[in-house]
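The values are calculated or read from the model by the stated rules, or taken from the named source; none is laboratory data. None of the values given here were measured: they were computed from a predicted structure. Every residue, glycine as well, gets a Cβ built from its backbone with ideal geometry; the counts of neighbours run over all protein chains shown. The area values use the complete protein model at the heavy-atom level, side chains included, leaving out ligands, DNA and RNA. Shrake-Rupley method; radii C 1.70, N 1.55, O 1.52, S 1.80 Å.
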Amino acid sequence: MAWWWVRMLLALCLASWLLPAWAQPVRLGVLAWLGEDRAAAQWAPLLDALASRLPAHSLHARYLDLDAMDTAVARGELDFVITNPGHYVALEARHGVSRIATQQIAAGHDSAHAVAATVIVPATDSTRRRLADLRDARLAMVTPQAFGGYQVIWGELKRAGVDPETGALTLRPTGYPMTRVVDALRAGQADAGVLRACLLEALQRTGQVRPGEFRVLSPQHHAGEPCQRSSPIYPGWAFAAAHDTPPALSRAVLLALLALPDTDAEVDPVPTSGGGRKPGQGA
């Protein structure tokens, strides 16, 4: 056998042995609460930075709603997920995912950097000012499984004596994206709507909502916060590994996340045409 042929075989064998380790894919599922296009724009800076710190891996992102992400995790189609803390808890209980990083809110940042909820009514509604005024109302929300889009405010409603679970009001699920809640209010299909905090202000900045078109119920706005909200602020996005993700891969991704600068820790809930602000993480 010619020596050149032997060298070729050795090279092919070496390449086949090294390729899986060098090009090992990282399959990432991202919750797309405003739709796939906006999620892709919102998280692009983080994913680009993450990919640059993982040169031995190829990063593949999928932008999913709650049900699709649950199905993908159950089928073993994802190595990691980025989702809200309420959904993370559900995925941990159902499928054994494990959080490796959580976004943190920095002093002086708005509640888009964590999770809070805002309940709005049309400004023309002069009868509702507080959450307690929602008894017998129709409440638009994306889905009962949404954390910032429903579950956060459920506790506040219950404390106000308006428990949706006992029929004190009527839920009107709209599905994703969350902007459908605004559509439902404009169409007269609901009396009030639940938004993730800071989405209202973001829609006003982009001209999708007119200033003064809606009013926030039971605002908990504090000095220095640019956004109104109707609930306390809860921990932000969770970055979690699937149950069968190799520990070495989880460690590599965690180290890459920890290497990101703090200045990349901002998230704009509605990216602008210029790409918005950079999203990031906190340990």
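Worth a mention:
- Scanning the stretch 148-158 for residues that are of a type outside the set (A, V, I, L, M, F, W, C) and open to solvent by less than 20 Å² (accessible area, probe 1.4 Å) gives Gly148, Gly149, Tyr150, Gly155.
- Subset of the stretch 170-181 [in contact with a helix residue (DSSP H, G or I) (Cβ under 7 Å, 6 or more places away or on another chain) and either of a type in the set (Phe, Trp, Tyr) or open to solvent by less than 10 Å² (accessible area, probe 1.4 Å) (or both)]: Met178
- Among (1) surrounded by fewer than 22 Cβ atoms within 10 Å (Cβ to Cβ); (2) at pLDDT below 95, the one test that Ala116 misses: (1)
- Test for Gly161: is it out of contact with any Lys or Arg (no Cβ under 8 Å at 6 or more places or on another chain), surrounded by fewer than 14 Cβ atoms within 10 Å (Cβ to Cβ) and at positive phi: no
- Residue in the stretch 188-201 that is over 19 Å from Leu34 (Cβ atoms), out of contact with any strand residue (DSSP E or B) (no Cβ under 7 Å at 6 or more places or on another chain) and at pLDDT 95 or above present: yes
- Output for the stretch 202-219, where each listed residue is of a type in the set (Gly, Ala, Ser), open to solvent by 10 Å² or more (accessible area, probe 1.4 Å) and on the phi < 0 side of the Ramachandran plot: none
- Among the candidates Leu46, Leu28, Leu59, Leu34, residue that is at pLDDT 90 or above and open to solvent by less than 40 Å² (accessible area, probe 1.4 Å): Leu28
- Flag if Ala90 is in contact with a Gly (Cβ under 7 Å, 6 or more places away or on another chain), outside any loop (DSSP other than H, G, I, E, B) and touching a residue at least 12 places away in the same chain (Cβ under 8 Å): no
- Within the stretch 76-96, the presence of at least one residue that is among the acidic types (Asp, Glu), modelled with pLDDT of 95 or more, open to solvent by 20 Å² or more (accessible area, probe 1.4 Å) and out of contact with any strand residue (DSSP E or B) (no Cβ under 6 Å at 6 or more places or on another chain) is confirmed.
- Residue in the stretch 190-201 that is under 26 Å from Leu66 (Cα atoms), free of Cβ contacts under 8 Å to residues at least 60 places away in the same chain, surrounded by 14 or more Cβ atoms within 10 Å (Cβ to Cβ) and not charged (D, E, K, R) present: yes
- Within the stretch 134-238, strands (runs of 3 or more DSSP E) holding 1 or more residues that are within 19 Å of the chain's Cα centre (by Cα): 138-141, 170-173, 192-196
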